[in-house]
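FYI, it's all coordinate maths here, none of it is from the lab. Here the structure is a predicted model, which means the values were calculated and not measured. Note: ideal-geometry Cβ built from the backbone for every residue, glycine included; neighbour counts use all protein chains shown.
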Amino acid sequence: MSDRLVLVINCGSSSLKFALLGEHHSSPLLSGLAERLGTPEGILNWKAGDIREQVPIADGRHSSAMTSLLPLIERFAPQPLTAVGHRIVHGGEHFTGARIIDDDVIAAISQSAPLAPLHNPAQLTGINEARQVFADIPHIAIFDTAFHQTMPPHAYRYALPEELYSEHGVRRYGFHGTSHRYVSTQASLLMGMEPGHGAWLTAHLGNGCSTCAILDGRSLDTSMGMTPLEGLVMGTRSGDVDPNLHSHLARNLGWDLERIDHMLNRESGLLGLSGGLSNDMRTLVAARADGHPGATLAVDVFCYRLARSLAGLAVALPRIDGVVFTGGIGENSPLVRELTVRHLALFGLAIDPAANATPPGNPARQIQAGNSPAILVIPTDEERQITDECLALLDFNANQPVEQETD
Ligand code: ADP
């Protein structure tokens, strides 16, 4: 059986994350992260099976990091690449699915840049560099926002003057779409349903956190909004606050926009609530066990707000087939799952303590008790989802009838 290969690239302003996946391989053949790009300390860490190595990127350039992938791919790819898949954070309203990258797609990603100023420009850099290094194969864009383009207007519109939406694109877009799509598909498989079917509430809990209501493979609502700041408490992001906080801080404390922006994105969330102790859930869970008041509060607020979000999103669904926990926290923290589900007893949700306590690293599993709707722990795999979407797009295009010339 031929094993098509996809190189998945996620380019940030100072980093380049990559993974080489085979269509029929369960884990990446090669993966790695180039960090501290833009500085003389640029470094590429990669692993393939048991081999792990570091390559200095002395000039710190994205182009050098991209070029340094070539010999690695020649070494570990059993055959030529089929495609390169690029993870793009914001596709605005332009994209409802994966797209082969051409000039129009690049122009649309640029147009959406004001909505994701930290991400889209860096990802365009990644596309440009990769197209030079990996020429002559399709490059495909996969958007974090695309999965949520099925949300109805009553879920995606803010109650703001109409022209802010129609002229400036101010609306809710949602993010983490690749992960929500992947885990909801896996949930249907785990529960013996037709792939992609079912009514799911999914919680992606990593450094960024979001929830989603999904019916038969379609996102109906999600907790993140125009930007990835809205919604849940996250590592360093506040999630929802009163929108008047901005004017309050400006008028009373003299804070400018940069300062407010920095505080909400970098100093808040778990870090802020814990009194600056940590943005890392592992540290907070350990400190909570030792009675640290800030850590206790941070975990409690995190779980309550998560439960409140899931309960709110339930109104988008006709029923609940299950709740899915994923991401570093969702997959690995029995405490967060337990405290969250405790707030959701109204929905008949209950956890089996023994199943919940199963050590991390286990594959997808059910942890509900008795007659509770399913509660699932499902490791996310965004690279696999991106690979599958790239290959599905290529297959779809290959099966399109060739246009007949008529004259
Ligand atoms: P990213 O969003 O950067 O991909 P991850 O999905 O890796 O992040 O999630 C990172 C979060 O997962 C951190 O808050 C980390 O503390 C948390 N995490 C990882 N392992 C555990 C664990 N065993 N218990 C609690 N939290 C954990």
Fill in the blank from the handout: Dividing the helical contributions, -39500 (n - 2.57) per DSSP H run of n ≥ 4, by the residues of the chain yields a 222 nm value, nearest 500 deg cm²/dmol, of -10500 deg cm²/dmol
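For region 320-364, report the translational diffusion coefficient in µm²/s to the nearest whole number, using Stokes-Einstein at 4 °C, 1.567 mPa s, and a Kirkwood Rh over Cα pairs. Please report the intermediate quantities before stating the final value.
Working: Rh = 11.1 Å.
Translational D for this selection: 117 µm²/s.
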Exercise for the section: Work out Dmax and Rg for the chain from the C-alpha atoms and quote the Rg first, both in angstrom. Expected result: 21.8, 80
Problem - For peptides 382-388, 315-321, sequence by mean Cβ density within 10 Å, most packed first - result: 382-388, 315-321
Fill in the blank from the handout: Taking TYR304, TYR173 and counting other beta carbon atoms within 10 angstrom, the fewest-first order is TYR304, TYR173
Exercise for the section: On a C-alpha basis, how far is the centre of region 342-378 from the centre of region 92-136 in Å? Whole number, if you could? Expected result: 39
Handout entry: Positive dipole terminus of the chain, leading residue within SER31, TYR173, PHE302 (C-beta point charges)
Key = PHE302
Exercise for the section: Please get the size of the charge dipole for the chain, origin at its Cα centre, with Cβ charges of +1 on Lys and Arg and -1 on Asp and Glu, quoted in debye to the nearest 20. Expected result: 1300
Problem - In range of the label at LEU257: residues from region 89-129 whose backbone nitrogen is under 13 Å from the point 7 Å along Cα→Cβ - result: 114-115, 117
Exercise for the section: Report the FRET efficiency, 1/(1 + (r/R0)^6), for ARG75 and ASN397, where r is their Cβ-Cβ distance and R0 is 35 Å, rounded to 0.05. Expected result: 0.70
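Order of 123-132, 20-29 by packing, highest average Cβ count within 10 Å first? Please list the in-between numbers first.
Details: 123-132: 19.3, 20-29: 16.9.
My ranking of the peptides, most packed first, is 123-132, 20-29.
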Practice task
With all distinct Cα pairs included, what does the Kirkwood hydrodynamic radius of region 94-136 come out to in Å, to one decimal, could you say?
Solution key: 11.0
Practice task
Within region 44-76, which residues have the backbone N less than 14 Å from the label spot 7 Å out from SER26 along Cα→beta-carbon, could you tell me?
Solution key: none
Practice task
Using a Gaussian network model of the chain whose springs link C-alpha atoms within less than 10 Å, name the residue from LEU346, LEU277, LEU16 with the highest mean-square fluctuation.
Solution key: LEU346
Completion exercise
Interchain or sequence-distant (5+) residues whose placed amide H lies within less than 5 Å of the amide H of ILE101 are HIS139, ILE140, ALA141
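Determine the gain in length on full extension of the stretch LEU297-ALA357; use 0.36 nm per residue of separation and subtract their C-alpha separation, reporting nm with one decimal. Before the final figure, lay out the partial values.
Details: separation 60, 0.36 × 60 = 21.60 nm, distance 2.21 nm.
So the extension gain works out to 19.4 nm.
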Problem - Diffusion constant of region 189-306 at 37 °C, which comes from Stokes-Einstein with the Kirkwood Cα-pair radius and 0.692 mPa s, µm²/s - result: 208
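Report, to one decimal in Å, the Kirkwood hydrodynamic radius for region 241-338 based on all distinct Cα pairs.
15.5
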